[in-house]
Amino acid sequence: MIFDDIRSQAIREWEALQNSQKPRILIGTGTCGLAAGAEAVLEAIKQELAQQSIDATITQVGCIGLCYTEPMVDIIMPNQPRVSYGDVTPEMAKQLIQDYIVNGNPRPDLALGTIGDGRIENIPAFFELPVLKPQVRIVLRNCGFIDPENINQYIANGGYSGFTRALTMKPEQIIAEIKKSGLRGRGGAGFSTGQKWDFCRASPGKEKYIICNADEGDPGAFMNRSVLEGDPHAVLEGMLIGAYAIGATQGYIYCRAEYPLALKRLRVAIKQMEQYDLLGDNILNSGFSFHLKIKEGAGAFVCGEETALMASIEGKRGMPRSRPPFPAVSGLWGKPTNINNVESWISAAFIMQKGADQFAKYGTETSKGTKTFALVGKVERTGLIEVPFGITISDIVYNVGGGILKGKAFKAVQTGGPSGGCLGSDFFDTPVDYDTLAKAGSIVGSGGMIVLDEDTCVVDLARYFLTFVQEESCGKCVPCRVGTRQMLGILEKITKGQANPSDIEQLQKLAETVRDGSLCALGGTAPNPVLTTLRYFRDEYEAHVQDKRCPARSCKELVSYYILPDKCEGCGICIRSCPTEAILGGKRMIHIIDQSKCTKCGSCSDVCPPRFSAVAKVSGEKIEVPKEPVPIPSKKKEAIQEK
Amino acid sequence: MTEILTPYTGERGAVIPVLQKVQQSFGYLREDAISKIAKFFRVSESEIFGVASFYAQFRFTRPAEHIVKVCLGTACHVRGGEQIMEAMRRELGIHSGNITEDYKFGVDRVACFGSCALAPVVVIDDKVYGRLTPTKIKGIVDKHR
């Protein structure tokens, strides 16, 4: 089989699709799209097309990153730019088919933007939208544009040209190109990818392995899932290039089992590669042989650590071991092994396709290229973003993210998950890159970026992360196994208002011990959420300890709910919603919460009609309320009182 | 069992895929299954149990008919995942890690499905429910009753 023929065929197909005289509909059916209801929308589209006897092409694409407005549907009419619609319901999808495909009205009132050449009146250009303007798409370049289960669409968009180019080069030249691009590991540690490849290549031994780390365990991050679902071949091409450069003949993709769709897409992609002679023995008649296997993770966060991951592939408990020897010397089954993260592999494919300069022109001096982040938490526009290194935190939160949810005040961003830290508003203008974030005590990490607002308690967040790492500690090193447990105990005392001032000192000491006394990165970085919050939000710790008060009004044991007597209209809605029957009162009587029965679930506050807003949540203060339900004074009396 | 085991004959590092397949077929890892797996790999039962109990995915008791997974990843935590868990506890009357007496529902807490942009999230069987509030819990559970 000659790859050039495959490529020409793929391009012909792609062009025919672009110039198609049939209407085209694209729908995002990644996991996030499906969770938002894309399945029902797809069903409605199919039904409506059948009912109206419209001949249209439907393509299911991966996530384009605007998760906040999922489900997303795009319509391309012949010779018109693509129009994107967000928050599509089944009814809206039918309406769009009627209005746009049948009657030619693109409904600018519902459209998000247009993609591609040409414009439509009153619809902005998609990539000029505030959420997308600061973004640069390298890793996500194909997500949302191609059918991830169609290898030809990947090839037509430059796919595997990086690999065919690599085949014409010497391995040393490829590694030099990767080094030149300045690519650093996207899994969190930020080590130079080119150098890593070089070490493994230089290691003696005939049998070598490469591994793709897709065990995205950081809670709050989903970059790898999205891209594996939306563009699996890009990862696989990166691995092919790496294997050829390093001299590896066997590769593994270690992907977590919680990502069933990503796993399915990978299996489909690998089969297609085999059909096209891109995997197996003597690939494309080059003499280079490479085999690839998928290993499903079984649910252990520590397996994201490279030595633990290899132990898991070998069928053992996923426990890290000490380094050296580094995997490049003695890794999987004692052979030289190179592990890279999903995003690093994709970046390598891009660098080989477009050249190192096209990658290195983005970013800062020491952090080249772009980075994807899962922008989530208390921000208006949650989603998957890709930004050049060097962008400021405020740019991400306010321009890309659209600011804080419900207009609340910004408190901090948390990056790097359980290994990272919280940076407050002092870091607003801080450029996001490996070195600056590290200096501030946080890390870039794999790309989780959680925005916290005034209602998020950082002490409680630190407690949350400790709960997580304490459960996930493999138990090998005592400081990590026992230390994180003790730290969690102290944090629980603090969030319950039972701690004394010496506990904060003890917490700090323990954190430093765990950091210094653990073998792997899980233990070594586990104290980071505590250390950074102690450094930047010490006053919040002190409020919990000294005043028994939670400034964010979030820690259950330190808040109370009260029904404000001057606002309660005695409607009884909260009485009916209270799961513990803690609210006393009757019709037209001022309701009162029995504090001894209240479990602080917040239901009363959720259901109290906004026009009354009679439920107050306080911490460290007491609101005077009647001892028992009393009749509501008549409106007249109220008016007089107000005067 | 033999059907599951045979294709892995002689393969290195196949313990975890075998455990996954067995759990998929039987719902959980029974003692006798662990014995058979140990024999197949020629290692002790405790070694197999040691590997299986290390990973969160493996169960050693009969699972419920419907498995409810409440996500408590960071994004879900920040957006009220604990309240969702509490609402689920009230709806089904069981704490996380338990199953209802009739084996209909089991509730587990999970650390992230990667649908963080739609937090808070619950997965029942394989269906993902996003953008939840405590008041929506009854509705989604009813769909599986």
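The values are calculated or read from the model by the stated rules, or taken from the named source; none is laboratory data. Every value quoted in this text rests on a predicted model; they were computed, and no experiment measured them. Because the Cβ atoms are built from the backbone with ideal geometry, glycine has one as well, and the counts that use them run over all protein chains shown. Surface areas here come from the heavy atoms of the whole protein model, side chains and all, with no ligands, DNA or RNA. Shrake-Rupley method; radii C 1.70, N 1.55, O 1.52, S 1.80 Å.
A few comments on the model shown:
- Pair list, Cβ under 9 Å, 6 or more apart: segment A:217-241 residue at positive phi, other residue open to solvent by less than 10 Å² (accessible area, probe 1.4 Å) and polar (S, T, N, Q): A:GLY220/A:GLN414; A:GLY220/B:THR74
- Only one of the listed residues (A:CYS598, A:CYS574, A:CYS568) is open to solvent by less than 60 Å² (accessible area, probe 1.4 Å) and touching a helix residue (DSSP H, G or I) at 6+ places or on another chain (Cβ under 6 Å). That residue is A:CYS574.
Residues are listed down the side, and each one gets a yes or a no for (1) within 18 Å of B:CYS76 (Cα to Cα); (2) touching a residue at least 60 places away in the same chain (Cβ under 8 Å):
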{"residue": "A:ASP455", "(1), (2)": "yes, yes"}
{"residue": "A:PHE465", "(1), (2)": "yes, yes"}
{"residue": "A:LYS476", "(1), (2)": "no, yes"}
{"residue": "A:THR484", "(1), (2)": "no, no"}
{"residue": "A:ILE490", "(1), (2)": "no, no"}
{"residue": "A:LYS493", "(1), (2)": "no, no"}
{"residue": "A:GLN498", "(1), (2)": "no, no"}
{"residue": "A:LEU507", "(1), (2)": "no, no"}
{"residue": "A:VAL514", "(1), (2)": "no, no"}
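- The residue list B:PHE26, B:PHE41 contains one member that is within 22 Å of A:GLU296 (Cα to Cα), at the interface with another protein chain (Cβ under 10 Å from one of its Cβ atoms), in contact with a helix residue (DSSP H, G or I) (Cβ under 7 Å, 6 or more places away or on another chain) and surrounded by fewer than 20 Cβ atoms within 10 Å (Cβ to Cβ), which is B:PHE41.
- Of all the listed residues (A:ILE11, A:ILE6), the sole one being buried (at least 18 other Cβ atoms within 10 Å of the Cβ) and either in contact with a Phe, Trp or Tyr (Cβ under 9 Å, 6 or more places away or on another chain) or touching a residue at least 40 places away in the same chain (Cβ under 8 Å) (or both) is A:ILE6.
- Residue within segment A:368-376 that is among the aromatic types (Phe, Trp, Tyr) and away from chain B (no Cβ under 14 Å) present: no
- Filter result for the condition that a residue is away from every other protein chain (no Cβ under 11 Å), charged (D, E, K, R) and at negative phi, over B:ASP108, B:ASP126, B:ASP102: B:ASP102
- Taken together, the residues in segment A:308-326 that are away from chain B (no Cβ under 13 Å) and in contact with a Phe, Trp or Tyr (Cβ under 9 Å, 6 or more places away or on another chain) amount to 1.
- Among the candidates A:TYR561, A:TYR541, residue that is crowded, with 17+ Cβ neighbours inside 10 Å, aromatic (Phe, Trp, Tyr) and free of Cβ contacts under 8 Å to residues at least 60 places away in the same chain: A:TYR561
- Evaluation of B:ILE67 against (1) of a type in the set (Val, Ile, Thr); (2) more than 8 Å from chain A (Cβ to nearest Cβ); (3) open to solvent by 10 Å² or more (accessible area, probe 1.4 Å); (4) out of contact with any strand residue (DSSP E or B) (no Cβ under 8 Å at 6 or more places or on another chain) (one fails), failing number: (4)
- Verdict on A:TYR252 being open to solvent by 10 Å² or more (accessible area, probe 1.4 Å), modelled with pLDDT of 95 or more and within 11 Å of another protein chain (Cβ to nearest Cβ): yes
Residue-by-condition table, conditions (1) touching a helix residue (DSSP H, G or I) at 6+ places or on another chain (Cβ under 7 Å); (2) open to solvent by 10 Å² or more (accessible area, probe 1.4 Å); (3) at pLDDT 95 or above:
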{"residue": "A:LYS180", "(1), (2), (3)": "yes, yes, yes"}
{"residue": "A:ARG186", "(1), (2), (3)": "yes, no, no"}
{"residue": "A:LYS196", "(1), (2), (3)": "no, yes, yes"}
{"residue": "A:LYS206", "(1), (2), (3)": "no, yes, no"}
{"residue": "A:ASP218", "(1), (2), (3)": "yes, yes, no"}
{"residue": "A:LEU236", "(1), (2), (3)": "yes, no, yes"}
{"residue": "A:ILE241", "(1), (2), (3)": "yes, no, yes"}
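- Filter pass, B:GLY114 being outside the structural domain of B:ARG30 (by TED's automatic domain parsing) and on the phi > 0 side of the Ramachandran plot: yes
- Among the candidates A:GLY158, A:GLY190, A:GLY194, A:GLY205, residue that is within 26 Å of A:PHE127 (Cα to Cα) and touching a residue at least 12 places away in the same chain (Cβ under 8 Å): A:GLY158
- Residues that are out of contact with any Asp or Glu (no Cβ under 6 Å at 6 or more places or on another chain) and on the phi > 0 side of the Ramachandran plot were ranked within segment A:84-112; the one that is surrounded by the most Cβ atoms within 10 Å (Cβ to Cβ) is A:ASP87.
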